[in-house]
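Before any comments, here is the structure.
The values are calculated or read from the model by the stated rules, or taken from the named source; none is laboratory data. Just so it is clear, the model here is predicted, and its values are computed rather than measured. Note that we place each Cβ from the backbone using ideal geometry, even for glycine, and neighbour counts take in every protein chain shown. We work out accessible area using only protein heavy atoms, side chains counted, and drop any ligands, DNA or RNA first. Shrake-Rupley method; radii C 1.70, N 1.55, O 1.52, S 1.80 Å.
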Amino acid sequence: MGSSLLNGERAVVILFVSSITYATPVSILFETLAFVLITIFALFVEISVESYDSVLPFKIRPGASSGILLGAVTLPGLAISKLIQLSRALLVNQVGIEDVEFIRLQYWATCTSCLCLLVFLYSISRHESNNTKSASFFYGWNTKFSISSITLFTTMCYLSFAAQSSSGLYIALTLLWIICHGLTAVKFFQHVLLTFPACASFGEALLVTAGFVVYFGDMFAFTIAKISKHLVSYGLSYIPYGVERSEISTIIQGLLLGLLLSPILFKFILRGMDVYSSSANSEIGVNNARGRSFTFYGSLAFILLALVPLWMQFVQDFPVHPFLWVLKFVFSEPHKRLSLCIYWVAVICVSVLRFYDISKNSKIERILLRKYYHLVAVLMFVPALIFQPLFLNLAFGAALAVFLVLEIIRVWKIWPLGPIVHQFMNAFTDHRDSDLLIVSHFSLLLGCALPIWMSSGFNDRPLAPFAGILSLGIGDTMASMVGYKYGVLRWSKTGKKTVEGTAAGITSVLAACSILLPLLAATGHMFTQHWLSLLLAVTVSGLLEAYTAQLDNAFIPLVFYSLLCL
């Protein structure tokens, strides 16, 4: 498949990178140079992968471009935007130096994960195409460029930490820890693409694997730091790491890890049952639906009620069982929070029943029908984010946990809910989903939740937590509806996105911001969002929606959030 040097998606990504680079202060010069280097190398790898006619050993989602450039710069761009925001706060003593250093470490871990994934993709593309004339002709230059990029990146990473600490041991351990992120990301990347073939593009898989590795690597490092703190009495030194976590963030982190590990435990138990049933002719075997379901629910309950709470209480020092803490938190303001729960349940029941009936009997395109759920997200999340942000943080974690459980049940066909969940979810899928893995509902939920979670702590941009709700609930929805009904001028000959739809999406987000900012000011938020930067953020995210062939629910909120933080 051929590839032009500059297409619409790449142009928008370069505009995104340029905006962040222009806003970076001198204090994070090395991080900025590394970000630019990652962008250049990612563009080089994307062109290399898309230029050769070779068949790579992975199957990507049909109809999607590779998305390597977009996937490689989104998370580093997000991390450096947070670093810019905290560096700005450090100048006026609103945050401590430990907060900035924590984000700096997260930034380098993210960049290293993306760089290792890029090197891996480039290596397999070269291996598959090393017999072509172009590969032979450019092989030497490409190899030198790759080695030079890796060397420069390593040098800038070393200089960044050397400027903050003179301890050689600290720098060596930090670099080793960061390299472990990269190697783990490569293994996880291969596992995702091989386990779920044709379910994601390279860029989408890159975004997911790098994000997971950094997120749960942080959880592992925080646990090690807590262990070292408990070992102080035995004469060992305490290893500090990161910043203090809230109870809600600890609960969400532990809950998600437990749910992601539950299929591994379930699979391990099934293998043991298979061996036992073969030797003892037991009626409860792997092929017994009820036996499988009892095993699944039992292992899930063991993880969620025993293992995960043990970790939570160890790292956070909960005075009671974490789930009891959740109940206490909910009932600490029962009128507000229970009323909000009743409102959410009512909206969900009405919308799901209504849209499920329409999806079976209407001829409306499914991708357009699904945009109504984006509007439902606005109705549900905006009031909660304004008046109950902490409770919304917890609710997002609970909703994501429910989605994960239902998807595991659907994929493993757990009796009796597996077929029911599969039939119900199929009514809301589109071309980006498959029978093997349905991800669109995850991407919508995470697209709205991530900006809110990342805004916890210091945040001097009141619109930043609303990035997902505004870009997906309003901008993406209006762009699709107006483009579908009134769109004439298309951005490309092969795409369906129209200029009219993009203009409607950008205009609607700006109109929503003009209403939201005074409302936030009335509730006590400081007005610190400049309209010029807001216009840039809305425009770039709107153009990305128009040009990208990736799962826009995953990328647009992160790009929009990153630009709002500048």
Task: Meets criteria (over 17 Å from residue 184 (Cα atoms), at pLDDT 85 or above and open to solvent by less than 70 Å² (accessible area, probe 1.4 Å)) for residue 242 - done: no
Open item on the list: Here's a check for you: in the range 473-504, which residue that is open to solvent by less than 80 Å² (accessible area, probe 1.4 Å) and of a type in the set (S, T, N, Q) is farthest from residue 556 (Cα to Cα)?
Closed with: 492
TODO: Test each condition in (1) buried (at least 16 other Cβ atoms within 10 Å of the Cβ); (2) part of a helix (DSSP H, G or I); (3) at pLDDT below 90 for residue 461 and report the one that comes out false.
DONE: (2)
- [ ] Of the conditions (1) at pLDDT below 85; (2) assigned to a helix (DSSP H, G or I); (3) open to solvent by 30 Å² or more (accessible area, probe 1.4 Å), residue 228 clears all except one; give me its number.
- [x] (3)
TODO: List every residue pair whose Cβ atoms sit under 8 Å apart, with the two residues 6 or more apart in sequence or on different chains, where the first one lies in the range 155-174 and is in a helix (DSSP H, G or I) and the second, anywhere, is open to solvent by 50 Å² or more (accessible area, probe 1.4 Å) and hydrophobic (A, V, I, L, M, F, W, C).
DONE: 156/30; 156/33; 157/30; 159/30; 160/30
Open item on the list: Looking only at the range 539-566, count every residue that is more than 18 Å from residue 14 (Cβ to Cβ) and modelled with pLDDT of 90 or more and tell me the total.
Closed with: 4
Task: Hits in the range 180-199 - residues which are open to solvent by 20 Å² or more (accessible area, probe 1.4 Å), aliphatic (A, V, I, L, M) and under 15 Å from residue 71 (Cβ atoms) - done: 186, 192
- [ ] Would you please list the contacts, defined by Cβ atoms under 6 Å and residues six or more apart or on different chains, that run from a residue in the range 525-549 that is closer than 26 Å to residue 71 by Cβ and β-branched (Val, Ile, Thr) to a residue that is modelled with pLDDT of 95 or more and surrounded by fewer than 17 Cβ atoms within 10 Å (Cβ to Cβ)?
- [x] 540/15
TODO: Select from the range 321-364 the residues that are among the aliphatic types (A, V, I, L, M), loosely packed, with under 11 Cβ neighbours inside 10 Å and either modelled with pLDDT under 90 or in a loop (DSSP other than H, G, I, E, B) (or both) and list them in ascending order.
DONE: 353
Task: Any hit, the range 89-109, residues being open to solvent by less than 30 Å² (accessible area, probe 1.4 Å), under 23 Å from residue 182 (Cβ atoms) and of a type outside the set (A, V, I, L, M, F, W, C) - done: yes
Open item on the list: I'd like to know if the range 441-453 contains one or more residues that are crowded, with 16+ Cβ neighbours inside 10 Å and part of a loop (DSSP other than H, G, I, E, B).
Closed with: no
Open item on the list: I'm checking my understanding of the structure. Among residues of the range 64-88 that are farther than 12 Å from residue 558 by Cα and among the polar types (S, T, N, Q), which one is modelled with the lowest pLDDT?
Closed with: 65
Open item on the list: When the residues of the range 505-534 are narrowed to those that are modelled with pLDDT of 85 or more and open to solvent by 80 Å² or more (accessible area, probe 1.4 Å), which ends up nearest to residue 473 (Cα to Cα)?
Closed with: 507
Open item on the list: Condition first: of a type outside the set (A, V, I, L, M, F, W, C) and either farther than 24 Å from residue 551 by Cα or in contact (Cβ under 8 Å) with a residue 40 or more places away in the chain (or both). Now tell me which residues in the range 191-205 satisfy that.
Closed with: 197, 201, 203, 204
TODO: Could you list all residues from the range 148-171 that are of a type in the set (Ser, Thr, Tyr), under 16 Å from residue 28 (Cα atoms) and at pLDDT 85 or above?
DONE: 154, 155, 158, 160
- [ ] Scan the range 251-263 residue by residue and report those that are in contact (Cβ under 8 Å) with a residue 60 or more places away in the chain and buried (at least 20 other Cβ atoms within 10 Å of the Cβ).
- [x] 251, 252, 254, 255, 259, 262
TODO: Identify, from the list 501, 483, 495, the residue that is at pLDDT 90 or above, closer than 25 Å to residue 443 by Cα and of a type outside the set (Ser, Thr, Tyr).
DONE: 501
Open item on the list: I'd like to check something: does the range 294-303 contain any residue that is among the aromatic types (Phe, Trp, Tyr), out of contact with any strand residue (DSSP E or B) (no Cβ under 8 Å at 6 or more places or on another chain), open to solvent by 50 Å² or more (accessible area, probe 1.4 Å) and at pLDDT 90 or above?
Closed with: no
